[in-house]
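K.L.:
Encoded as C-alpha cells, here's the structure I'll be asking about.
Since every read-out is calculated from the coordinates, none of them should be taken as a lab result. Treat the numbers as computed from the prediction; the structure is a model and nothing was measured. We place every Cβ from the backbone using ideal geometry, glycine too, and count neighbours over all the protein chains shown.
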Amino acid sequence: MISEADWNHFKRVKADALDKCCQQVFDDVRKGIDNPELSAHAKYLYLYKLMENSDKRIANIFNYNAKSKAMLQLALMKSDGLLEAKQINGFSERFTEFY
C-alpha cells in the first residue's frame, strides 16, 4: 500500500502531469487549426479525431483515483513522457526503486 506522504506527492504529480497532457493536446489543436494546407473540413476531422484519441489517452492514464492504482498510473505517466525526474525523486525509496 502507498504511504500517506507518497499519496500526497502523487496527487500533486498527477495534477501536474494532467496539466502537461492537456497542454500537449492544445498544442496539437493549434497545429491543426493553423495548418494552411488543410481545408475547414479537414481541420474539423483532424480536431475530432484528436479529441477522440486524447480523451481515451487521458481516461486511460488519469481516471483512477485510488491508492491501489497509483503505481500503475505513474508507470503510464512515465511511459507517456509526462513525468520529470525531479517529480519521481519526490517519492519514497520504495517508489523510486520501482521506476
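K.L.:
Pairs Lys14/Lys67; Lys20/Lys78; Lys20/Lys56; Lys14/Lys49; Lys14/Lys69: which exceed 19 Å Cα-Cα?
P.N.:
Flagged as over cut-off: Lys14/Lys49.
K.L.:
Then there is this: List the lysines whose Cα sits under 16 Å from the Cα of Lys43, skipping any in the same chain fewer than 8 residues away.
P.N.:
Answer for Lys43, where 16 Å is the Cα cut-off: Lys31, listed by chain and number.
K.L.:
What is the sum of charges, Lys and Arg at +1 and Asp and Glu at -1, for the other residues whose Cβ falls under 13 Å from the Cβ of Leu72?
P.N.:
Counting the neighbours of Leu72, the net charge comes to +3.
K.L.:
Turning to a different aspect of this structure: If packing is taken as the mean number of other Cβ atoms within 10 Å per residue, what is the order of 49-62, 12-25, highest first?
P.N.:
12-25, 49-62
K.L.:
Determine the sum of side-chain charges near Tyr46: Lys and Arg each +1, Asp and Glu each -1, restricted to other residues whose C-beta is under 14 angstrom from that of Tyr46.
P.N.:
Summing Lys and Arg as +1 and Asp and Glu as -1 gives -1.
K.L.:
Here is a further query. With contacts defined as alpha carbon pairs under 8 Å and 6 or more residues apart, what's the relative contact order of the chain in percent?
P.N.:
Relative contact order, the chain: 42 percent.
K.L.:
Please list the three semi-axes, largest first and in whole Å, of the ellipsoid equivalent to the stretch 4-98, using sqrt of 5 times the eigenvalues of its alpha carbon gyration tensor.
P.N.:
33, 13, 9
K.L.:
Just grab the label-to-label distance for Asn63 and Ala15, each label 7 Å out from Cα along the Cβ direction, in nm (one decimal).
P.N.:
2.3
K.L.:
Count the net charge of all other residues whose Cβ sits under 15 Å from the Cβ of Glu97, scoring Lys and Arg as +1 and Asp and Glu as -1.
P.N.:
0
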